Structures are given as structure tokens and as C-alpha cells.
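Have a look at the structure below, then the notes.
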């Protein structure tokens with residue numbers, strides 16, 4: 001069963017996360033207290049609800065406890081951000097990721113149970129969305145609407161094989177730009193280089209091909 005996501009707060013960052021997750025085929029509920037914002041995003045997600053997320057009754061009535069991941073992006077109001085993070089965690093959402101304004105805000109969010117805190121100035125909403133749904137995609141940089149560079153944790157079936165054996169371009173439709181072996185990085189690796197357990201591959205490719213690797 002696919003993960004279900006709830007995005008609370010639909011500023012630029014929250015909207016980016018929500019739309020990306022929905023386009024990747026996931027069920028996404030968005031909540032924002034602004035009616036115009038909800039109307040503008042309604043066609044780009046599964047469900048869009050106008051509600052005050054700081055109202056515990058409203059949050060409970062929406063069945064938040066049934067969602068696997070909550071993304072709280074009310075960064076501009078620190079008090080609301082903390083309150084909503086605390087509520088969704090207490091309601092039983094397994095993984096809560098929250099947007100922070102600064103390091104102090106982040107410390108408080110971690111103290112009250114946030115599983116991950118992000119700074120939108122440093123992280124793109126698209127990158128966060130990909131990290132949430134894929135355990136083997138470690139980092140994600142969108143180059144263009146159709147192409148991206150990603151860091152991929154080595155799959156079990158790749159261990160002990162050379163790049164020429166894996167034939168990444170033909171099999172997966174991506175090109176290997178580099179291989180990270182622990183703290184070392186091998187730029188433009190040779191075709192005979194073997195993939196070891198714990199290696200990270202830096203690849204470039206079409207988003208459709210990268211999504212296929214994400215599913216493995």
C-alpha cells in the first residue's frame with residue numbers, strides 16, 4: 001500500500017512538496033486556512049481542505065492519524081508550527097517533517113518530536129518529496145523539468161558487479177557520473193570499477209527512468 005501524505009500549510013515550499021508527491025502517484029491531502037490557496041491547489045492534489053490546523057478538533061475530524069507522513073510547512077508562525085507539529089505527532093502520525101525558520105526553532109521542533117526539520121532556503125520542496133518516498137534516493141537535484149541528478153544508495157543486486165556489467169544506460173536509462181566510496185568520491189569511474197556495499201552512485205537521467213529506480 002502506498003504511503004499517504006498530509007501537507008499542512010501551502011506556501012511555496014508546501015505547494016512544491018504536495019504537487020511533487022501527487023505527481024509521483026501518492027495520495028496527498030493539503031490543509032490551509034486560506035480559501036484562495038486551497039482553490040488554486042485543489043486540482044493538483046488528491047484532497048484540499050480549508051481548515052485552521054491549530055484547531056485540534058478540525059485536525060482530528062480530518063483523520064490525520066491515518067496518514068503515514070505529515071509535512072508541516074507553517075514556518076512563518078513559529079508558535080503555530082510548534083503547536084501543529086506537537087498535535088500531529090500526538091495523534092499518531094508516524095513521521096513528521098517540519099519547516100523551520102532558524103536553528104533555535106529547529107531545536108524546539110526536534111524536542112517536541114519532529115522526525116526531521118528542514119530549512120526551505122537550503123532544501124527544495126521537490127528534493128524533500130523524493131527523499132520521503134524513496135529509501136535509496138539520498139539526494140536529488142532537478143536540472144530541468146524532465147532531467148535530474150540523484151545520489152542513489154547501492155541496491156543489493158548491484159553489489160560486486162562492475163559498471164559494464166550493470167550497463168546502467170541500457171538497463172536503467174541513466175548515466176553514472178561518480179561513485180562515492182565512504183569519504184572518497186571517484187569522478188568519471190571506469191567501466192570495470194566494482195560496486196561495493198555502502199557505495200553511493202551519482203547518476204543523471206530522465207525523471208521517468210529515475211522513478212523506476214526509486215521503486216526498487
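The values are calculated or read from the model by the stated rules, or taken from the named source; none is laboratory data. Because the structure is a prediction, the values reported are computed rather than measured. Cβ placement follows ideal geometry from the backbone for every residue including glycine, while neighbour counts extend to all protein chains displayed.
For the range 177-194, the set of residues classified as in contact with a strand residue (DSSP E or B) (Cβ under 7 Å, 6 or more places away or on another chain) and closer than 17 Å to residue 156 by Cα consists of 179, 180, 193, 194, listed by residue number.
Test residue 44 against the criterion of being without any contact (Cβ under 8 Å) to a residue 40 or more places away in the chain and farther than 30 Å from residue 208 by Cβ, and give yes or no. No. Identification of strands (runs of 3 or more DSSP E) wholly contained in the range 114-166 with 3 or more residues that are modelled with pLDDT of 80 or more and either in the same structural domain as residue 211 (by the TED database) or more than 25 Å from residue 102 (Cβ to Cβ) (or both) yields 147-153.
Among the residues making up the range 149-176, those that are over 26 Å from the mean Cα position of the chain (by Cα), surrounded by 12 or more Cβ atoms within 10 Å (Cβ to Cβ) and over 12 Å from residue 197 (Cα atoms) are 162, 163, 165, 166, 167.
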